[in-house]
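The values are calculated or read from the model by the stated rules, or taken from the named source; none is laboratory data. Fair warning: this is a prediction, and the values are worked out from it, not measured in the lab. We place every Cβ from the backbone using ideal geometry, glycine too, and count neighbours over all the protein chains shown. With ligands, DNA and RNA removed, areas are computed over all heavy atoms of the protein, side chains included. Shrake-Rupley method; radii C 1.70, N 1.55, O 1.52, S 1.80 Å.
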Amino acid sequence: MTLKTQYWQVNPTCPEKEIIIKAANLIKAQELVAFPTETVYGLGAAAFQTQAVEKIFMAKGRPEANPLLLHLSRMEQVESVAKEIPPVAEMLMERFWPGPLSIILSARETVPAIVRGGKTTVGLRMPAHPVALALIDQTGPLAAPSANLSGRPSPVNAEDVKADLDGKIAAVLDAGRTGLGLESTIIDFTSRGCRILRQGGITVEELEEATGMAIAINDRGQEQYHHYQTNSQLLLCQTWEEIENSLADIKHAKKKLALVYTYVEKKNARWESLKDKYPQHQSYDLDISSASNRLYSLLREAEEREFELLLFTPLPEKPGGIGRVILDRIYQAARGSSK
Ligand code: TXA
Ligand code: MG
(Lines give C-alpha, C1' and ligand atoms only; values in the text may rest on other atoms or scores of the structure.)
(Ligands and ions follow the chains in the order given, each with its own letter.)
Protein backbone atom coordinates (compact mmCIF):
# COMPACT_ATOMS: atom_id res chain seq x y z
CA MET A 1 0.00 0.00 0.00
CA THR A 2 1.34 3.43 -0.89
CA LEU A 3 0.78 6.40 1.39
CA LYS A 4 1.03 10.04 0.48
CA THR A 5 3.93 11.02 2.72
CA GLN A 6 3.61 14.54 4.17
CA TYR A 7 6.69 16.73 4.50
CA TRP A 8 6.53 19.41 7.16
CA GLN A 9 9.25 22.02 7.60
CA VAL A 10 9.85 22.68 11.26
CA ASN A 11 12.06 25.16 13.07
CA PRO A 12 15.03 23.13 14.41
CA THR A 13 15.61 25.21 17.53
CA CYS A 14 12.09 26.33 18.35
CA PRO A 15 9.62 23.87 16.77
CA GLU A 16 6.16 25.21 15.90
CA LYS A 17 3.66 23.73 18.35
CA GLU A 18 0.94 23.13 15.74
CA ILE A 19 3.29 21.06 13.57
CA ILE A 20 4.41 18.97 16.54
CA ILE A 21 0.75 18.35 17.45
CA LYS A 22 -0.07 17.24 13.88
CA ALA A 23 2.87 14.82 13.95
CA ALA A 24 1.94 13.57 17.44
CA ASN A 25 -1.62 12.92 16.26
CA LEU A 26 -0.33 10.70 13.47
CA ILE A 27 1.82 8.78 15.98
CA LYS A 28 -1.20 8.35 18.27
CA ALA A 29 -3.14 7.04 15.27
CA GLN A 30 -0.44 4.32 14.96
CA GLU A 31 1.28 5.90 11.95
CA LEU A 32 5.03 6.38 11.37
CA VAL A 33 6.68 9.81 11.47
CA ALA A 34 10.34 10.50 10.67
CA PHE A 35 11.93 13.14 12.88
CA PRO A 36 15.34 14.79 13.29
CA THR A 37 17.70 13.99 16.14
CA GLU A 38 21.18 15.40 16.79
CA THR A 39 22.69 12.29 15.16
CA VAL A 40 20.57 11.13 12.19
CA TYR A 41 16.84 11.11 11.35
CA GLY A 42 14.76 8.55 13.26
CA LEU A 43 11.58 6.74 12.22
CA GLY A 44 9.19 6.93 15.16
CA ALA A 45 6.22 4.81 16.23
CA ALA A 46 4.29 4.74 19.51
CA ALA A 47 6.45 2.32 21.49
CA PHE A 48 3.61 0.58 23.33
CA GLN A 49 1.43 0.06 20.22
CA THR A 50 2.55 -3.24 18.75
CA GLN A 51 0.79 -2.66 15.43
CA ALA A 52 2.46 0.71 14.99
CA VAL A 53 5.89 -0.76 15.78
CA GLU A 54 5.28 -3.58 13.27
CA LYS A 55 4.96 -0.91 10.58
CA ILE A 56 8.57 0.16 11.22
CA PHE A 57 9.84 -3.31 10.35
CA MET A 58 7.69 -3.38 7.21
CA ALA A 59 8.62 0.11 5.98
CA LYS A 60 12.36 -0.47 6.48
CA GLY A 61 12.48 -4.15 5.53
CA ARG A 62 14.16 -4.67 8.90
CA PRO A 63 14.75 -8.18 10.28
CA GLU A 64 12.35 -8.80 13.20
CA ALA A 65 15.08 -9.93 15.57
CA ASN A 66 16.84 -6.55 15.35
CA PRO A 67 15.67 -4.55 18.40
CA LEU A 68 14.69 -0.86 18.38
CA LEU A 69 15.92 1.93 20.63
CA LEU A 70 13.31 3.58 22.87
CA HIS A 71 13.51 7.35 22.58
CA LEU A 72 12.60 9.23 25.75
CA SER A 73 12.20 12.89 26.66
CA ARG A 74 12.21 12.71 30.47
CA MET A 75 14.26 10.88 33.10
CA GLU A 76 11.10 9.59 34.85
CA GLN A 77 10.33 7.46 31.79
CA VAL A 78 13.43 5.29 32.42
CA GLU A 79 11.98 3.58 35.49
CA SER A 80 8.82 2.59 33.67
CA VAL A 81 10.75 0.60 31.05
CA ALA A 82 13.98 -0.57 32.76
CA LYS A 83 14.06 -3.24 35.46
CA GLU A 84 17.18 -2.05 37.18
CA ILE A 85 19.46 0.89 36.60
CA PRO A 86 23.09 0.26 37.59
CA PRO A 87 24.60 3.34 39.29
CA VAL A 88 27.19 3.79 36.51
CA ALA A 89 24.42 3.77 33.89
CA GLU A 90 22.49 6.35 35.87
CA MET A 91 25.58 8.52 36.16
CA LEU A 92 26.09 8.35 32.37
CA MET A 93 22.45 9.38 31.80
CA GLU A 94 22.88 12.36 34.11
CA ARG A 95 26.08 13.33 32.38
CA PHE A 96 25.32 12.77 28.70
CA TRP A 97 21.53 13.02 28.31
CA PRO A 98 20.03 14.47 26.31
CA GLY A 99 22.79 13.42 23.92
CA PRO A 100 24.08 10.72 21.55
CA LEU A 101 24.40 7.86 24.05
CA SER A 102 22.08 4.82 24.03
CA ILE A 103 22.07 2.63 27.11
CA ILE A 104 21.04 -1.04 27.10
CA LEU A 105 19.39 -2.20 30.33
CA SER A 106 17.27 -5.18 31.30
CA ALA A 107 13.70 -4.47 30.22
CA ARG A 108 10.45 -4.48 32.12
CA GLU A 109 7.84 -6.74 30.60
CA THR A 110 5.79 -3.65 29.81
CA VAL A 111 8.13 -3.08 26.85
CA PRO A 112 6.57 -4.95 23.91
CA ALA A 113 8.61 -7.93 22.69
CA ILE A 114 8.64 -6.48 19.17
CA VAL A 115 10.56 -3.42 20.43
CA ARG A 116 13.07 -5.67 22.21
CA GLY A 117 13.52 -7.89 19.14
CA GLY A 118 12.49 -10.73 21.46
CA LYS A 119 15.40 -10.06 23.87
CA THR A 120 15.06 -9.38 27.60
CA THR A 121 16.84 -6.04 27.24
CA VAL A 122 15.95 -2.60 25.95
CA GLY A 123 18.04 0.27 24.56
CA LEU A 124 17.24 3.76 25.87
CA ARG A 125 18.14 7.07 24.30
CA MET A 126 17.26 10.71 25.00
CA PRO A 127 18.06 12.70 21.84
CA ALA A 128 19.44 16.25 22.13
CA HIS A 129 17.18 17.82 19.52
CA PRO A 130 14.36 20.25 20.32
CA VAL A 131 12.08 18.74 17.65
CA ALA A 132 12.58 15.17 18.87
CA LEU A 133 12.08 16.15 22.51
CA ALA A 134 8.94 18.20 21.73
CA LEU A 135 7.46 15.31 19.76
CA ILE A 136 8.21 12.69 22.44
CA ASP A 137 6.78 15.01 25.09
CA GLN A 138 3.47 14.85 23.22
CA THR A 139 3.48 11.14 22.38
CA GLY A 140 5.39 9.39 25.16
CA PRO A 141 8.29 7.01 24.38
CA LEU A 142 8.92 6.37 20.68
CA ALA A 143 10.46 3.23 19.25
CA ALA A 144 12.76 4.56 16.55
CA PRO A 145 15.49 3.18 14.33
CA SER A 146 17.30 5.34 11.79
CA ALA A 147 14.87 6.41 9.03
CA ASN A 148 16.50 4.52 6.15
CA LEU A 149 15.77 1.26 4.37
CA SER A 150 17.43 -1.54 6.32
CA GLY A 151 21.13 -1.80 5.47
CA ARG A 152 21.42 1.65 3.85
CA PRO A 153 23.36 4.68 5.14
CA SER A 154 21.51 6.55 7.89
CA PRO A 155 19.68 9.70 6.72
CA VAL A 156 21.11 13.09 7.65
CA ASN A 157 18.37 15.19 6.05
CA ALA A 158 14.74 14.92 4.90
CA GLU A 159 15.80 14.26 1.29
CA ASP A 160 17.64 11.09 2.39
CA VAL A 161 14.50 9.94 4.24
CA LYS A 162 12.43 10.68 1.13
CA ALA A 163 14.80 8.71 -1.09
CA ASP A 164 14.32 5.58 1.05
CA LEU A 165 10.84 5.82 2.56
CA ASP A 166 8.61 8.06 0.43
CA GLY A 167 5.15 6.48 0.14
CA LYS A 168 5.87 4.11 3.04
CA ILE A 169 5.44 6.43 6.03
CA ALA A 170 2.89 9.06 7.04
CA ALA A 171 5.10 12.12 7.53
CA VAL A 172 8.57 13.61 7.82
CA LEU A 173 9.45 16.49 10.13
CA ASP A 174 12.06 18.38 8.13
CA ALA A 175 14.41 20.43 10.31
CA GLY A 176 17.33 20.47 7.89
CA ARG A 177 20.61 18.59 8.20
CA THR A 178 21.36 16.85 11.49
CA GLY A 179 24.36 18.12 13.44
CA LEU A 180 26.47 15.02 13.90
CA GLY A 181 25.70 12.82 10.90
CA LEU A 182 26.68 9.65 12.83
CA GLU A 183 24.51 7.54 15.14
CA SER A 184 24.58 7.41 18.93
CA THR A 185 27.07 5.33 20.88
CA ILE A 186 25.49 2.17 22.31
CA ILE A 187 26.69 0.93 25.69
CA ASP A 188 25.42 -2.34 27.15
CA PHE A 189 25.03 -2.84 30.90
CA THR A 190 23.37 -6.23 30.72
CA SER A 191 26.43 -8.43 30.35
CA ARG A 192 29.28 -8.51 32.86
CA GLY A 193 30.49 -4.94 33.48
CA CYS A 194 29.69 -2.81 30.49
CA ARG A 195 30.79 -2.76 26.85
CA ILE A 196 30.31 -0.62 23.81
CA LEU A 197 28.22 -2.32 21.13
CA ARG A 198 28.46 0.53 18.62
CA GLN A 199 30.80 3.50 18.65
CA GLY A 200 29.11 6.82 18.00
CA GLY A 201 28.56 10.42 19.03
CA ILE A 202 29.90 10.07 22.58
CA THR A 203 33.47 8.90 22.22
CA VAL A 204 35.13 6.05 24.09
CA GLU A 205 37.50 8.61 25.61
CA GLU A 206 34.57 10.58 27.03
CA LEU A 207 32.99 7.43 28.48
CA GLU A 208 36.24 6.24 30.03
CA GLU A 209 36.86 9.66 31.49
CA ALA A 210 33.34 9.82 32.95
CA THR A 211 33.41 6.30 34.45
CA GLY A 212 37.09 6.16 35.36
CA MET A 213 37.36 2.69 33.84
CA ALA A 214 38.55 1.03 30.64
CA ILE A 215 35.57 0.07 28.49
CA ALA A 216 35.68 -2.79 25.99
CA ILE A 217 34.51 -2.17 22.44
CA ASN A 218 32.70 -5.00 20.72
CA ASP A 219 33.91 -5.60 17.22
CA ARG A 220 30.97 -5.43 14.83
CA GLY A 221 33.05 -7.15 12.15
CA GLN A 222 31.33 -10.50 12.65
CA GLU A 223 27.83 -9.12 13.03
CA GLN A 224 25.12 -10.76 10.94
CA TYR A 225 23.77 -7.48 9.58
CA HIS A 226 25.37 -5.30 6.93
CA HIS A 227 25.22 -1.54 7.28
CA TYR A 228 25.67 1.64 5.22
CA GLN A 229 25.40 -0.04 1.84
CA THR A 230 24.74 1.57 -1.52
CA ASN A 231 25.18 0.39 -5.09
CA SER A 232 28.80 1.57 -5.05
CA GLN A 233 31.50 -0.83 -3.97
CA LEU A 234 34.14 0.47 -1.56
CA LEU A 235 37.76 -0.53 -1.99
CA LEU A 236 40.09 0.38 0.88
CA CYS A 237 43.71 0.63 -0.21
CA GLN A 238 46.38 0.09 2.44
CA THR A 239 49.22 1.88 0.68
CA TRP A 240 49.65 4.60 -1.96
CA GLU A 241 51.29 2.01 -4.24
CA GLU A 242 48.20 -0.15 -3.95
CA ILE A 243 45.96 2.67 -5.03
CA GLU A 244 48.15 3.38 -8.06
CA ASN A 245 48.02 -0.31 -9.01
CA SER A 246 44.28 -0.45 -8.52
CA LEU A 247 43.83 2.62 -10.70
CA ALA A 248 45.84 0.97 -13.47
CA ASP A 249 43.78 -2.28 -13.21
CA ILE A 250 40.50 -0.44 -13.14
CA LYS A 251 41.38 1.56 -16.22
CA HIS A 252 41.29 -1.72 -18.11
CA ALA A 253 38.02 -2.78 -16.52
CA LYS A 254 36.51 0.63 -17.42
CA LYS A 255 34.70 1.08 -14.14
CA LYS A 256 33.21 4.42 -13.23
CA LEU A 257 35.06 5.35 -10.08
CA ALA A 258 35.66 8.13 -7.58
CA LEU A 259 38.62 8.61 -5.28
CA VAL A 260 38.06 9.26 -1.60
CA TYR A 261 40.74 10.85 0.54
CA THR A 262 40.26 10.70 4.31
CA TYR A 263 42.43 12.96 6.41
CA VAL A 264 42.77 14.18 9.94
CA GLU A 265 44.75 17.34 9.61
CA LYS A 266 46.60 18.77 6.67
CA LYS A 267 46.29 17.49 3.13
CA ASN A 268 49.02 15.24 1.91
CA ALA A 269 51.31 15.81 -1.09
CA ARG A 270 50.64 12.28 -2.38
CA TRP A 271 46.95 13.05 -2.59
CA GLU A 272 47.57 16.24 -4.53
CA SER A 273 49.81 14.42 -7.00
CA LEU A 274 47.31 11.56 -7.36
CA LYS A 275 44.55 14.03 -8.20
CA ASP A 276 46.82 15.75 -10.72
CA LYS A 277 47.71 12.43 -12.30
CA TYR A 278 44.11 11.25 -12.65
CA PRO A 279 42.12 14.41 -13.34
CA GLN A 280 39.45 12.35 -15.11
CA HIS A 281 38.27 10.89 -11.78
CA GLN A 282 35.92 12.63 -9.39
CA SER A 283 37.54 13.01 -6.00
CA TYR A 284 36.08 13.51 -2.56
CA ASP A 285 37.81 14.89 0.55
CA LEU A 286 36.57 13.56 3.86
CA ASP A 287 37.77 15.28 7.01
CA ILE A 288 37.41 12.56 9.60
CA SER A 289 38.28 14.81 12.52
CA SER A 290 35.13 16.79 11.95
CA ALA A 291 32.28 16.17 14.37
CA SER A 292 29.81 17.13 11.67
CA ASN A 293 30.45 14.21 9.41
CA ARG A 294 29.48 13.89 5.78
CA LEU A 295 30.37 10.25 5.11
CA TYR A 296 26.74 9.12 4.67
CA SER A 297 25.96 12.04 2.32
CA LEU A 298 29.06 11.17 0.32
CA LEU A 299 27.94 7.53 0.00
CA ARG A 300 24.45 8.54 -1.12
CA GLU A 301 25.73 11.18 -3.53
CA ALA A 302 28.27 8.80 -5.08
CA GLU A 303 25.50 6.26 -5.63
CA GLU A 304 23.26 8.87 -7.24
CA ARG A 305 26.09 9.78 -9.59
CA GLU A 306 26.42 6.08 -10.40
CA PHE A 307 29.99 5.56 -9.28
CA GLU A 308 30.53 1.81 -9.30
CA LEU A 309 33.66 1.97 -7.20
CA LEU A 310 34.86 4.24 -4.41
CA LEU A 311 38.59 3.90 -4.04
CA PHE A 312 39.76 4.99 -0.59
CA THR A 313 43.32 6.19 -0.14
CA PRO A 314 45.13 4.77 2.94
CA LEU A 315 43.08 5.58 6.03
CA PRO A 316 44.62 7.57 8.87
CA GLU A 317 46.15 5.25 11.44
CA LYS A 318 44.49 4.96 14.84
CA PRO A 319 42.76 8.33 15.06
CA GLY A 320 41.18 9.03 18.43
CA GLY A 321 37.76 10.48 19.23
CA ILE A 322 35.23 10.89 16.44
CA GLY A 323 37.83 9.84 13.81
CA ARG A 324 37.76 6.29 15.17
CA VAL A 325 33.99 6.23 14.84
CA ILE A 326 34.14 7.36 11.22
CA LEU A 327 36.73 4.67 10.42
CA ASP A 328 34.38 2.11 11.96
CA ARG A 329 31.64 3.27 9.58
CA ILE A 330 34.00 3.12 6.58
CA TYR A 331 35.03 -0.46 7.50
CA GLN A 332 31.39 -1.45 7.97
CA ALA A 333 30.37 0.07 4.65
CA ALA A 334 33.27 -1.68 2.90
CA ARG A 335 32.42 -5.02 4.56
CA GLY A 336 28.83 -4.77 3.33
CA SER A 337 29.73 -3.66 -0.17
CA SER A 338 32.04 -6.56 -0.92
CA LYS A 339 29.73 -9.32 0.24
O1 TXA B 1 21.58 7.85 16.77
C2 TXA B 1 20.86 6.86 16.82
O3 TXA B 1 21.01 5.95 17.65
C4 TXA B 1 19.69 6.75 15.79
C5 TXA B 1 18.72 7.89 16.09
C6 TXA B 1 17.51 7.82 15.18
O7 TXA B 1 18.35 7.87 17.42
N8 TXA B 1 19.05 5.48 15.90
C9 TXA B 1 19.60 4.35 15.41
O10 TXA B 1 18.77 3.24 15.52
O11 TXA B 1 20.69 4.32 14.90
P12 TXA B 1 19.05 1.88 14.70
O13 TXA B 1 17.89 1.01 15.00
O14 TXA B 1 19.30 2.21 13.30
O15 TXA B 1 20.32 1.31 15.37
C16 TXA B 1 20.22 0.89 16.72
C17 TXA B 1 21.11 -0.30 16.96
C18 TXA B 1 20.74 -1.51 16.16
O19 TXA B 1 21.92 -2.03 15.59
C20 TXA B 1 20.19 -2.49 17.18
O21 TXA B 1 20.53 -3.82 16.90
C22 TXA B 1 20.84 -2.02 18.46
O23 TXA B 1 20.94 -0.62 18.32
N24 TXA B 1 20.01 -2.30 19.64
C25 TXA B 1 18.81 -1.77 19.94
N26 TXA B 1 18.30 -2.33 21.06
C27 TXA B 1 19.21 -3.24 21.48
C28 TXA B 1 19.25 -4.18 22.55
N29 TXA B 1 18.26 -4.29 23.42
N30 TXA B 1 20.35 -4.96 22.65
C31 TXA B 1 21.36 -4.86 21.75
N32 TXA B 1 21.37 -4.01 20.70
C33 TXA B 1 20.31 -3.23 20.56
MG1 MG C 1 20.11 2.12 11.54
**OP:** Please state which one of Ser292, Ser337 is in contact (Cβ under 8 Å) with a residue 24 or more places away in the chain, over 14 Å from Thr262 (Cα atoms) and open to solvent by 40 Å² or more (accessible area, probe 1.4 Å).
**Re:** Ser292
**OP:** Considering every residue within region 84-102, establish whether at least one is over 21 Å from the mean Cα position of the chain (by Cα), among the basic types (Lys, Arg), open to solvent by 30 Å² or more (accessible area, probe 1.4 Å) and at negative phi.
**Re:** yes
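Any residue in region 261-269 that is among the small types (Gly, Ala, Ser) and open to solvent by 30 Å² or more (accessible area, probe 1.4 Å)?
First pass over region 261-269, keeping only residues among the small types (Gly, Ala, Ser): 269.
Add one more test, that the residue is open to solvent by 30 Å² or more (accessible area, probe 1.4 Å), and what stays is 269.
Yes, there is a match, as at least one residue in region 261-269 is among the small types (Gly, Ala, Ser) and open to solvent by 30 Å² or more (accessible area, probe 1.4 Å).
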Original post:
Which residues, taken from region 199-217, are out of contact with any helix residue (DSSP H, G or I) (no Cβ under 7 Å at 6 or more places or on another chain) and near ligand 1 (Cβ under 10 Å from one of its atoms)?
Top reply: Gly201
Original post:
Looking only at residues in region 295-322 that are under 17 Å from the mean Cα position of the chain (by Cα) and at pLDDT below 95, which one is surrounded by the fewest Cβ atoms within 10 Å (Cβ to Cβ)?
Top reply: Gly321
Original post:
Looking at Leu182, Leu173, which is the one that is in contact (Cβ under 8 Å) with a residue 12 or more places away in the chain, aliphatic (A, V, I, L, M) and touching a strand residue (DSSP E or B) at 6+ places or on another chain (Cβ under 7 Å)?
Top reply: Leu173
